[in-house]
Protein chains: 2
Amino acid sequence: MLDFDINKNLTADSCISKQELSAQFFQLQHLLQQRRAIKYFDAAQAMDDRELDAILASASQAPSAFNLQHWQVVHIKSAQRRAEISALAYHQPQIQQAAALLAIVMKKNVWQTAAHIAQAGGEKIQMHLQRLYGDKPQLARDEAMRSCAMFSMLVMLAAEAAGYRSCPMSGADFTAIGKCLGLDATQEICMLITLGREASDNTIARQQRLPLSQFLYRI
Amino acid sequence: MLDFDINKNLTADSCISKQELSAQFFQLQHLLQQRRAIKYFDAAQAMDDRELDAILASASQAPSAFNLQHWQVVHIKSAQRRAEISALAYHQPQIQQAAALLAIVMKKNVWQTAAHIAQAGGEKIQMHLQRLYGDKPQLARDEAMRSCAMFSMLVMLAAEAAGYRSCPMSGADFTAIGKCLGLDATQEICMLITLGREASDNTIARQQRLPLSQFLYRI
């Protein structure tokens, strides 16, 4: 059982009582509120590859259109490559200090060879995908971006649950980083994610979220 | 405590022992494995608006670049509008049968009026955002897509934790649905999500995920 203050977890927007929602919901809510983007990691703390494997395998339960699983993960362990990427990402401190640096890569053309993912009727699905995406590369890219962002969200959430902090990054020269990683024209970076233990002297406050009334519309 | 088989939750990819990861991780892993896209909902089961509010407030803990919170949610309650949207989404059964139908909308230009989100130094941030996105609408749209997809992932996960099933949808005429919802040129649909209780006679098997060896690269 997780340790949390039930009243603190109830937002001002919602007046639902704790009896009406499950303990499972409040556990997840706690995890979502706990996660935040961390800029300062403890460079002395490493992360076992097997832990990262468990986090990534869990995150791969994310949904994707036609179950295409558009994501690739590049786990950048080389110190040389991390230094190069740091220079291409405004020298943000987390790039070199975090225990793990991941590039989440979109396989924009995965639909072209998707028949193997299908458990049945692969040829029919392939024809459907051809009709859908064949002359619409922007639509295929949007789909890859959606899928990879959902996957990325679960990577960060699974890491948080495993005791690691995370930071998603899009402020970087993705084209140059893609070259550094050897990506081809069918691949593009969705985001970078750093994972690790938080530096003990990090005192940046968590940023607030807008109330429901500013983003929810009922029609 | 959740009821799950610890061995079943360990993927073949990962040989990490249960002692090395926390109960919190396995609880989340269970939730991620339990979530799946549901096409057939029980149309007789409603969802309380306050439950949906709690789910959306939790999901809004998602990260976004500069904390811009690019998402808007349109909760489409009107039967007339749901029928119109169904016709624009290949009459997928979940559109009309699910307890709730949501359009997750990207606010592509939210960076233009973002100073109010900043807790300090709003004017300086506004100038930075202008330099970053001012002449790059595609970059601003990518950012909105990433943020809204991460938010959408958390909507589905929070719903699952609250006992509801979900279905993300991108196979629809988003331009026409946007018109139906009265969106303007600065807004675009990221995805539709249906939420509700699963129909008891749904027997479609969960789709499998690729093993780590097919999407993870260490360099």
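For this structure, a couple of remarks:
- Of every Cα-Cα pair in chain A, the percent that sits beyond 24 Å: 53
- Computed over chain A, relative contact order equals 30 percent, with contacts defined as Cα pairs under 8 Å that lie 6+ residues apart.
- Other-chain or far-sequence residues with amide H under 5 Å of A:ASP42's (modelled H): A:ARG197, A:GLU198, A:ALA199
- Cα centroid separation, region B:43-113 to region A:20-58: 26 Å.
- Nm distances between copies for A:GLN112, ranked from closest, using label points 7 Å along Cα→Cβ: 3.7
- A:ALA176 paired with B:MET127, simple spin-label distance in nm, labels 7 Å along Cα-to-beta-carbon: 2.4
- For the protein assembly as shown, average projected area of the Cα convex hull in nm²: 20.5
- Placing a label point 7 Å from the Cα of A:THR186 along the Cα-to-Cβ direction, the residues of region A:49-78 whose backbone N falls under 18 Å from that point are A:65-74.
- Each peptide among A:94-107, B:71-84 gets the average number of other Cβ atoms lying within 10 Å of its residues, and from highest to lowest they stand as A:94-107, B:71-84.
- Sorted shortest first, the separations between the A:LYS77 label point and its copies elsewhere in the assembly read 5.4 nm; each point sits 7 Å from Cα along the Cα-to-Cβ line.
- Pairs from A:LYS136/B:LYS107; B:LYS108/B:LYS136; A:LYS179/B:LYS136; B:LYS107/B:LYS136; B:LYS136/B:LYS179; B:LYS39/B:LYS108 whose Cα-Cα separation, in the structure shown, is over 19 Å: A:LYS136/B:LYS107; A:LYS179/B:LYS136; B:LYS136/B:LYS179; B:LYS39/B:LYS108
- Counts of other chain beta carbons within 10 angstrom of each beta carbon in peptide A:138-145 average 3.
- Helical segments meeting 30 Å axial Cα length and Kyte-Doolittle 0.0 threshold in chain A (DSSP H): A:137-161
- Sorted shortest first, the distances from the B:ASP184 label point to those of the same residue in the other copies are 4.5 nm; each point sits 7 Å from Cα along Cα-to-Cβ.
Coordinate-derived values only; no laboratory data. Please read these numbers as outputs of a predicted model, since none were measured by experiment. Glycine also receives a Cβ, built like all others from the backbone with ideal geometry; neighbour counts cover every protein chain displayed.
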